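Just so you know, all these numbers are worked out from the coordinates, no wet-lab data involved. This one's a predicted model, so the numbers in the text were calculated from it and none came from an experiment. Glycine also receives a Cβ, built like all others from the backbone with ideal geometry; neighbour counts cover every protein chain displayed.
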Amino acid sequence: MSLTRFSARTALAVIIANMIGTGVFTSLGFQLLDIQSGFVLMMLWAVGGVTALCGALCYAELGAALPRSGGEYNFLTEIYHPAAGYISGWVSATIGFAAPTALASITFGTYLSSIFPELSPTWLACGLILALTGVHASNHRNSGGVQRAFTAIKILLILGFCLFCWVLVDEPQDVRFLPRAGDGGLLASGAFAVALIYVNYAYAGWNAATYLTSELEDPQRSLTRVLVLGASTVMVLYLLLNFTFLYVAPMDAMAGKIEIGYVAAQHAFGGAGAAIMGVILAFLLISTVSAMVLAGPRVLQVMGQDFPAFRLLARTNRHGIPHVAVILQSGLSLMFILTASFEFILVFAGFTLGLNTFFTVLGVPVLRWRRPELSRPYRILLYPLPVLVYLGITGWTLFYILMHRPQEGLMGLAIVASGMLLYLLTVRLGGASWTPDDPRSS
C-alpha cells in the first residue's frame, strides 16, 4: 500500500507556522531596553530575515542532495560523522522543538488566561499540546489539513491586525524609520548583536521542511521553492508586524514587556479591543505549536532508524506516522511547561540552535569538497556569498552571547557535550546501524 505524502503546500505551512510564533510577539520588548531607534530596530528584523533566507538557500542545496528526513541530524551525519548528527539530533529533540513548543504553549495559555482569569495557563498549555499530539499522531491527511488551515488563518489575522492598527489608532507614534546620527554606531554595537539573539530565535524554523523531506512529494524539486518562499514570506510579515508595533505604541510602554501584541492592541483599540486581540494572538499560536509537534518527531524517528538503542522511536503506525516519536516529544514539552523560565530558555535555545545551523551551513562547502560526485539538483545562487553571510552574522551573534550572556551560552555548550557523551554510551551499548561509508540519501 502506497503511503500518502505531505504536499509542498503543507511543507510551506509548516515553515511559516514554525517561524511565526512566540518570538515576534515577545522579543521587541527586550530589544527596546538598549535600542530606541526605529531604523535600527527595523534593520534588526531585516538582517534576521536576510540571514534566514541565506540559511534557507544553503539548506535547499543540502536537502536536494541528501533527501532524507531529519534536518540537521541527516545533514551533519552525512557531512561529518554520525557523532555530529547524533549530537544535532539530541539538541533538536531536547531544545530545538520541545522547549519552543513549551514556550509557545505557555504564551498561548497566558494570553487566554489574561482574558479569562478563571482558566489556568498551565492546563491550557498542556491541553493544547495533548490535543495536537492526537492529531499529528494519526495520519498525513489530518495532520497536513490542520496545519494548512491554521497557518492560512494565521497569515490573514496578522495582515488584518496590521491594517486595523494603521486605520484605528488615534495618535500614531513619532518614530523615525530613516537613518539618523548615531544609528551607524548602534548597528555595529554589542547591543545590536545581543538583540539579534531574539530576532534569530524569532526566525528559527525556516529549516522546518527539511525534517519532513522523506515524506514530501518530489522533495528534490519542491524543497528549494518551499524553503525560500517560506523564509521570504515570514520576513515580510515580521517587518510589517514590528513596524505596526512601533507605529501604534510608545517605546517606553513596550520596553521590557513580553506581551508586545497585547500592549500594541491596547493603544490601537482600547481595553475591549486588546481583550479580543489577546484571544486572536492565542489562536495564532495554535499553528506554531502544531508545526513543531508535526516536524520535530521526525528527528527522533531517523535516529531510531540509525541506532538500535532507539529502535522504538522509528516505529510508525499504518499511515507511516512516527507516533511513538510524536508522543515522546510532546511528553518532553509538557515537562518544560512545568520548569520553563521564559527569557533564559529563549536565549539558551537561540544559542544552541544557532550552533546547530552554523555547522550545517558550514557543511555546504565541506560536502562539495568531500563528495563532489553527489547529484545536486539545486546549487546555491551566488555561491559562496549566502554561506559567508549566514556564517558571519550567526557567528557574530554566538560570540556575543558567550560574552554577554555566558550562563546561557555555557549551558548550550553543556547540552552539546552531554550529547557527545550519550552518543559514546549509545554506540557502546547498541552500536549504530550504519557508518559514514554507507551513506543514506533516501
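Residues Cys162, Cys58 in ascending order of nearby Cβ atoms (within 10 Å, fewest first): Cys162, Cys58.
Note on Ser120 and Leu33: their simple-model spin labels are 3.0 nm apart, each label 7 Å out from Cα toward Cβ. Under a model in which nothing but the beta-carbon of Lys, Arg (+1) and Asp, Glu (-1) is charged, the chain shows a dipole of about 1200 debye around its Cα centre.
Calculated from the alpha-carbon coordinates, the chain shows an Rg and a Dmax of 20.9, 67 Å respectively. Simple rule: put +1 on each Lys or Arg Cβ and -1 on each Asp or Glu Cβ in the chain, find the dipole, and look at Leu410, Val226, Phe25; the Cα lying farthest toward the positive end is Val226. Peptides 61-67, 372-378 ranked from most to least packed by the mean count of surrounding Cβ atoms within 10 Å: 61-67, 372-378.
At a 10 Å Cβ-Cβ cut-off, how would you order Met292, Met19, Met411, fewest neighbours first?
Listing Met292, Met19, Met411 from fewest to most nearby Cβ atoms yields Met411, Met19, Met292.
Here r is the Cβ-Cβ distance between Leu156 and Leu429 and R0 is 41 Å; the resulting FRET efficiency, rounded to 0.05, is 0.25. Of interest is the spacing of the C-alpha centroids, which for segment 260-277 and segment 37-99 amounts to 34 Å.
For Tyr400, neighbours were defined as the other residues whose beta-carbon sits under 13 Å from its Cβ, and their charges (Lys and Arg +1, Asp and Glu -1) total -1.
Summarising the label geometry, the points placed 7 Å from Cα in the beta-carbon direction at Met403 and Val167 lie 4.7 nm from one another.
Counting neighbouring Cβ atoms within 10 Å and putting the fewest first, the residues His323, His404 line up as His404, His323.
Packing around the peptides 325-336, 277-288, 192-203, taken as the average count of other Cβ atoms within 10 Å per residue, puts them in this order, highest first: 192-203, 277-288, 325-336.
Relative contact order of segment 15-429, taken over Cα pairs closer than 8 Å and 6 or more residues apart, is 36 percent. Shown for the chain are the DSSP H helices of 18 Å or more along their axis, judged by Cα atoms, with a mean Kyte-Doolittle hydropathy of at least -1.0: 38-65, 98-115, 121-136, 140-168, 190-203, 219-248, 260-295, 323-339, 342-370, 385-404, 406-429.
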